[in-house]
1. Give the residues of region 23-43 that are at pLDDT below 95, part of a helix (DSSP H, G or I) and either of a type in the set (Asp, Glu) or away from the ligand (no atom under 13 Å from the Cβ) (or both), sorted by residue number.
2. Determine which member of the set GLY24, GLY28 is under 23 Å from ALA138 (Cβ atoms) and crowded, with 20+ Cβ neighbours inside 10 Å.
3. Which of the residues that make up region 133-144 are buried (at least 24 other Cβ atoms within 10 Å of the Cβ) and either among the β-branched types (Val, Ile, Thr) or under 18 Å from ASP189 (Cβ atoms) (or both)?
4. Looking at region 17-52, which of its residues are more than 17 Å from GLY271 (Cα to Cα) and of a type in the set (Ser, Thr, Tyr)?
5. May I ask you to verify whether GLY92 is among the small types (Gly, Ala, Ser), surrounded by fewer than 16 Cβ atoms within 10 Å (Cβ to Cβ) and within 16 Å of the ligand (Cβ to nearest atom)?
6. Being within 16 Å of the ligand (Cβ to nearest atom) and among the charged types (D, E, K, R) narrows it down to one residue among GLU68, GLU57, GLU12; which is it?
7. Does ALA281 satisfy the criteria of being buried (at least 23 other Cβ atoms within 10 Å of the Cβ) and either in contact with a Phe, Trp or Tyr (Cβ under 9 Å, 6 or more places away or on another chain) or farther than 28 Å from HIS158 by Cβ (or both)?
8. Taking interchain pairs and intrachain pairs at least six residues apart, which have beta carbon atoms under 6 angstrom, with the first residue in region 155-169 and of a type in the set (D, E, K, R) and the second surrounded by fewer than 24 Cβ atoms within 10 Å (Cβ to Cβ) and not in a loop (DSSP other than H, G, I, E, B)?
Amino acid sequence: MTADSSTVRRLERALASLRGLSLGDALGSQFFVPANYPLLKSRELPPAPWQWTDDTEMACSVLAVLAEHGRIDQDALARSFADHHDFDRGYGPAVNRMLRLIREGGDWRELAAALFNGQGSWGNGAAMRIAPLGAWYADDPEQATHQAEISAYVTHQHREAVVGAMAVAAAAALAADPAGPPTPTGLLDGVIALVPRSAVGAGLRRARDMLDYDDAGTVAAVLGCGRRTSAHDTVPFALWSAARSLGDFEQGFWVTAQVGGDVDTTCAIFGGVVAAGKTGAPPVAWLEQTEELPGWTPAQAI
Ligand SMILES: [Mg+2]
């Protein structure tokens, strides 16, 4: 089977989003390197290369499954997460353990459902990896939201984590509209319409009401910026920032990063959504300083 032109375009959009995600993740994570922190606070770039973390590694698996299956196959996604799991990429302890057990033959359905006393994880890990999927489905935002929901369950079964992934995928799909990106309000209204009622949804409504605030610190204090690493403490702020910067990756990155919190993840979400759009390409010089994507990242769909 050869890829038709629509599949080629889907993969190109998803790869553009993935590079933005990876850059946001890699440069964002430099805030946690003590020697680099003062540089970054004054908007100076740290020494290269900037290494990406778990956000990028998992996003590559999402894209690999889409390229091979044309949709999310949960068993294939679990297998890819487990096979490519690099313990040194900053995964949380629960995911580290779960991916090791899957590699040893465990069933992801049982393992993901059992996390956190049977509530499932409400962490931001399903949202941090999903923007490229949204870019893939730019011609069908409802399908983006649906496939994101399916993808989340493989590791994150709490409702808030699932809705967080749906929201980020919806945002990337809308940002990647071939007709051009929406307005800030248009983006958040579109996302709100595509996700079910939830704490994430409530946060997105507050984010929409704060789009004209120029003080990101105040917005982050209200919405959260990932300090608790939950989906509802991460996604509304990251999408607030993305909505305001669909045409300016560089400025938006600094705004997102400088409030602190779970910086690699807020910046991975920001970067993946903004870079999905025609006007959101990251600075080339920044991409050149970012660690290359892993060799198994799909360069073309079958
Ligand atoms: Mg990370």
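1. TYR37, PRO38, LEU39, LEU40, LYS41
2. Within the list GLY24, GLY28, the selection yields GLY24.
3. GLY134, ALA144, listed by residue number.
4. TYR37, SER42 - these are the residues of region 17-52 that are more than 17 Å from GLY271 (Cα to Cα) and of a type in the set (Ser, Thr, Tyr).
5. Yes, satisfied.
6. Exactly one of GLU68, GLU57, GLU12 is within 16 Å of the ligand (Cβ to nearest atom) and among the charged types (D, E, K, R), namely GLU57.
7. For ALA281, the condition - buried (at least 23 other Cβ atoms within 10 Å of the Cβ) and either in contact with a Phe, Trp or Tyr (Cβ under 9 Å, 6 or more places away or on another chain) or farther than 28 Å from HIS158 by Cβ (or both) - is not met.
8. Taking only residues 6 or more apart or on different chains, the pairs are GLU160/ALA199.
The values are calculated or read from the model by the stated rules, or taken from the named source; none is laboratory data. Small disclaimer: the values here were computed from a predicted structure and weren't measured. Ideal geometry is used to build each Cβ from the backbone, glycine not excepted, and the neighbour counts take in all protein chains shown.
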